[in-house]
Amino acid sequence: MDVTVDDTEASALGVMSQGELHSLALSLFLPRAATADSPFGFVVIDDPVQSMDPAKVDGLAQVLDELGRDRQVVVFTHDTRLPHAFRSQGLPVTVLKVERGEKSKVHVTCDTDPVKEAVDNAMALAKTENCSETALRHVLPSLCREALATAIVEAAWLRRNRTGIPAEHLQAAIDTTERLIPLASFALFDDGLVHRDEEVRSRLRSLYGNECTTLIHQCQQGAHPSGFLPHDSVAFVRRVEALAARIRTPEVSF
C-alpha cells in the first residue's frame, strides 16, 4: 500500500508504527472475511493487539464482538489487554490459557476470572496446614491485595466506558498509581482524577461499610516489614472476596 507524506510518495511500512500496521491489516482483512459469499464460518487472528494503544484495543474488542455474532472468532495472543478489553466493556468472551509443560506437553485450561484466581490462591494458602507465619503475614495479604486491586481496576474501566474518559488517560493514571486508596479514585469518581485519601475513604465507607478501609489497609500491610497476620485467615480471605465482588461493579453516579 502506497502513501504520501508531505506530498512525497512513500511506503506504508516505512512510516507507520507496528500498531498502526496491525490496525490497517485488520481493517482490510476483516471486511473481506465477513462478506456474505465467504465460504468460511470462522476467523483466526494471530496476536493482533501488539503495539496497539488502549483505545485501539478497546475498539478491536468491539469489532470482534460484532464479528463473532455471525461466525466463530479465534484469537491467539500473549497480550492480556485484549481479554481485559472484552471484560471491561461487558462483552462476552471465552478465554483459554495454553501452557507448555515438561517435554513440550501442552495444557489447555479455561482461564479463570482474575479476581477469583487471586482469591482462590489466597484461600488455598489460608487452608494450608502448618503454613509458616511468614507466608500468612506477607504472602496472604499480598494475594488479597491483588484481588482488590484487580477488582478496583476493573470497576475503573467500567466507569470509564460509561463516562467517556480517554482510555490513554486512565491507563497512564493506573500505571502510575501504586496504593489502593488512590487507585480506588478511578472506580469511585467520574472525573478520572486522584482524589484526597480521606475523600476516597469516606466514599468507600458510605458504599461498602466502615470495615472496608480497614480491610484495604490490612491487605497493603503485607508488603511492609511487619506484615499483617490475620486472626482467622480463612475468614479474612472471605471478607476480601465479598468486598472485591461489590467493588467490581460500580454505580454510574451517586
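The values are calculated or read from the model by the stated rules, or taken from the named source; none is laboratory data. What you are looking at is a predicted structure, and each value in this text was computed from that prediction instead of being measured. Glycine gets a Cβ as well: all are built from the backbone with ideal geometry, and neighbour counts include every protein chain shown.
Taking segment 49-58, which residues are surrounded by 15 or more Cβ atoms within 10 Å (Cβ to Cβ) and assigned to a helix (DSSP H, G or I)?
First, pick out the residues of segment 49-58 that are surrounded by 15 or more Cβ atoms within 10 Å (Cβ to Cβ): 49, 52-54, 56-58.
The answer is Pro54, Lys56, Val57, Asp58.
Every residue in segment 226-240 that is of a type in the set (A, V, I, L, M, F, W, C) and buried (at least 18 other Cβ atoms within 10 Å of the Cβ), please. Don't jump to the end; show me each part of the working.
At the first step, the residues of segment 226-240 found to be of a type in the set (A, V, I, L, M, F, W, C) are 228-229, 234-237, 240.
The answer is Phe228, Phe236, Val237, Val240.
Let me confirm something: among Thr94, Thr77, which residue is modelled with pLDDT of 85 or more, among the hydroxyl-bearing types (Ser, Thr, Tyr) and surrounded by 13 or more Cβ atoms within 10 Å (Cβ to Cβ)?
After applying the criteria, what remains is Thr77.
(1) touching a helix residue (DSSP H, G or I) at 6+ places or on another chain (Cβ under 8 Å); (2) outside any loop (DSSP other than H, G, I, E, B); (3) closer than 25 Å to Ala167 by Cβ: which one isn't true of Gln62, the others all being true?
Here Gln62 clears every test but (1).
Anything in segment 4-27 that is modelled with pLDDT of 85 or more and loosely packed, with under 11 Cβ neighbours inside 10 Å? List them, or say none.
Ser27
Tally the residues that are polar (S, T, N, Q) and either assigned to a helix (DSSP H, G or I) or assigned by TED's automatic domain parsing to the domain that holds Gly164 (or both), restricting the search to segment 82-108.
First, pick out the residues of segment 82-108 that are polar (S, T, N, Q): 88-89, 94, 104.
Those still in the list that are either assigned to a helix (DSSP H, G or I) or assigned by TED's automatic domain parsing to the domain that holds Gly164 (or both) too: 88, 104.
Within segment 82-108, residues that are polar (S, T, N, Q) and either assigned to a helix (DSSP H, G or I) or assigned by TED's automatic domain parsing to the domain that holds Gly164 (or both) number 2.
Would you check which residues across segment 20-50 are touching a residue at least 24 places away in the same chain (Cβ under 8 Å) and closer than 15 Å to Ala61 by Cα and list them?
Once the filter is applied, which keeps residues that are touching a residue at least 24 places away in the same chain (Cβ under 8 Å) and closer than 15 Å to Ala61 by Cα, segment 20-50 yields His22, Ser23, Leu26, Leu30, Val43, Val44, Ile45, Asp46, Asp47, Pro48, Val49, Gln50.
Would segment 81-90 turn up any residue that is more than 30 Å from Arg162 (Cβ to Cβ) and aromatic (Phe, Trp, Tyr)?
If we filter segment 81-90 for residues that are more than 30 Å from Arg162 (Cβ to Cβ), which is where we start, we get none.
No, the conditions are met nowhere in segment 81-90.
Determine whether segment 13-31 contains at least one residue that is assigned to a loop (DSSP other than H, G, I, E, B) and touching a helix residue (DSSP H, G or I) at 6+ places or on another chain (Cβ under 6 Å). Outline the logic, then answer.
Going through segment 13-31, the residues assigned to a loop (DSSP other than H, G, I, E, B) turn out to be 16-17.
When the remaining residues are screened for being touching a helix residue (DSSP H, G or I) at 6+ places or on another chain (Cβ under 6 Å), the result is none.
Among the residues of segment 13-31, not one is assigned to a loop (DSSP other than H, G, I, E, B) and touching a helix residue (DSSP H, G or I) at 6+ places or on another chain (Cβ under 6 Å), which makes the answer no.
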